[in-house]
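The values are calculated or read from the model by the stated rules, or taken from the named source; none is laboratory data. Note that the structure is predicted; figures quoted are calculated from it, not measured. Methodologically, a virtual Cβ is constructed for each residue, glycine included, from the backbone with ideal geometry; neighbour enumeration extends over all protein chains shown. The area values use the complete protein model at the heavy-atom level, side chains included, leaving out ligands, DNA and RNA. Shrake-Rupley method; radii C 1.70, N 1.55, O 1.52, S 1.80 Å.
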Amino acid sequence: MVRFSDIKEIRDKTASKGAEPPREVEAGQVRLSDPAFSELSKRYDLPREETAVEGDSPDVAVLYDKLTQSAKDIRDKVASDQTLAPGPILADLQAILDRDLIQPLFEHAMSESGGWRDVPFHSVDVTLGCLMVGKGLGYDKKKFLEVGLAAFLENVGMYRIPEGILQKSTKLESGEIDRIREHPETSATILSRLGERYAWLADIALQVHERADGSGYPRGLKGSEISEAASIIGLVDTYVAMIRKRAYRDRILQADAIRFILKEGKVQFPTKILKGFLNSISLFPFNTYVKLNNKSIGRVVSTDRNHPLRPAVQVLFDGLGNKPERKEIVRLSDNPLLYIVETIDERDLKT
């Protein structure tokens, strides 16, 4: 989560260290300073149109709800100090892989309301995002299961933090910041109770908020000292947090969040992970609202890994501002004369 993984950068930097949000994909460092972050956050929630992806089935929604219920059960077990059971989670992850549902589930998650709900939902969304990055990296089943299980459980320490701190809309006190920054160690302690077979889960949980340049916590690890799974989870955790509205800031449009991460993240995340992220999630992810060069406005309904800048777009308004009489999907990869000129927010849809 951005507030947790980059807490110092978001809430303590001064207004003199940046103004405009980055717009190009280039090198940099994820510092998420207040000015740049606030500028991105000025974009408002879009009205929810028909958000189901093409081919989305009731099974996808049912499985997503099952995952969120499992995350809530974990929250309750942590709250009552019960031992966690990874087996059911692994079974659900196995079902997702066997049925090739990674992308449909991720797209379903991204079609949900942009508002913050709670940590269990966040954990599910991060898990699905990590599986997407695994696709971008060409993971085999064993690696999928490892990163998926680690992502699902790495935040268990957050359930020991009072909700009043997590939902606070004003500046955190130093003691509250310290409490939040303790959660990786708390997660590792909880997961260490699973025994030697799952000792690696505790190690990953301890590293998720470490950064390749040594700016992370709790140990200030650098480069190869951080596991690949922890880097993936840390990156996706940041992305998912940015695109959800919180009590202390507005949400950021998906495309703007991706641009920001790719620009600012080179020194904090391995290049391999950033490439896997872009390969799988795309610069224009599912449910992004865009304007085309013919002045029509649409919503991304599917992405193309081979053509990440040319997704399929459902046309919502033509170049004259009229709604099409019937559903119209334009696959930009099949239409070389059409291309995206910008992403848009709610203000662009008002007439």
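General observations
- Residue count for segment 244-281 under the criterion of being within 26 Å of Pro120 (Cβ to Cβ), of a type in the set (D, E, K, R) and part of a loop (DSSP other than H, G, I, E, B): the result is 3.
- Ile102 in contact (Cβ under 8 Å) with a residue 12 or more places away in the chain and more than 19 Å from Ile243 (Cβ to Cβ): no
- Among the residues of segment 319-351, those that are modelled with pLDDT under 90, of a type in the set (A, V, I, L, M, F, W, C) and within 18 Å of Leu253 (Cβ to Cβ) comprise Ile344, Leu349.
- Residues that are open to solvent by less than 40 Å² (accessible area, probe 1.4 Å) and touching a residue at least 60 places away in the same chain (Cβ under 8 Å) number at least 1 in the following helices (runs of 4 or more DSSP H) confined to segment 112-220: 119-136, 141-153, 174-181, 183-192, 199-207.
- Residues in segment 119-176 that are closer than 27 Å to Gly87 by Cβ and in contact with an Asp or Glu (Cβ under 6 Å, 6 or more places away or on another chain): Val126 alone.
- All positions within segment 58-100 that are over 17 Å from Tyr198 (Cβ atoms), of a type in the set (D, E, K, R), assigned to a helix (DSSP H, G or I) and open to solvent by 60 Å² or more (accessible area, probe 1.4 Å): Asp59, Asp65, Lys66, Asp73, Arg75, Asp76, Asp98
- Considered as a group, the residues in segment 250-281 that are open to solvent by 20 Å² or more (accessible area, probe 1.4 Å) and touching a Ser or Thr at 6+ places or on another chain (Cβ under 8 Å) include one that is farthest from Arg299 (Cα to Cα), and that residue is Pro270.
- Pairs where the first residue, in segment 223-237, is more than 17 Å from Lys275 (Cβ to Cβ) and of a type in the set (D, E, K, R) and the second is open to solvent by less than 20 Å² (accessible area, probe 1.4 Å) and outside any helix (DSSP H, G or I), C-beta under 9 Å, 6+ apart: Glu225/Glu210; Asp237/Met1; Asp237/Glu154; Asp237/Asn155; Asp237/Val208; Asp237/His209
- All positions within segment 282-324 that are in a loop (DSSP other than H, G, I, E, B), of a type in the set (Gly, Ala, Ser) and surrounded by 18 or more Cβ atoms within 10 Å (Cβ to Cβ): Ser282, Ser296
- Residue in segment 93-100 that is over 22 Å from Ile232 (Cα atoms) and either in contact with a strand residue (DSSP E or B) (Cβ under 7 Å, 6 or more places away or on another chain) or of a type in the set (Gly, Ala, Ser) (or both) present: no
- Selection of segment 250-307 for residues being on the phi > 0 side of the Ramachandran plot and of a type outside the set (Gly, Ala, Ser) yields Asn287, Lys295.
- Only residues that are open to solvent by less than 20 Å² (accessible area, probe 1.4 Å) and not in a helix (DSSP H, G or I) were counted in segment 221-232, giving 1.
- For Arg244: the one exception among (1) touching a Lys or Arg at 6+ places or on another chain (Cβ under 6 Å); (2) open to solvent by 20 Å² or more (accessible area, probe 1.4 Å): (2)
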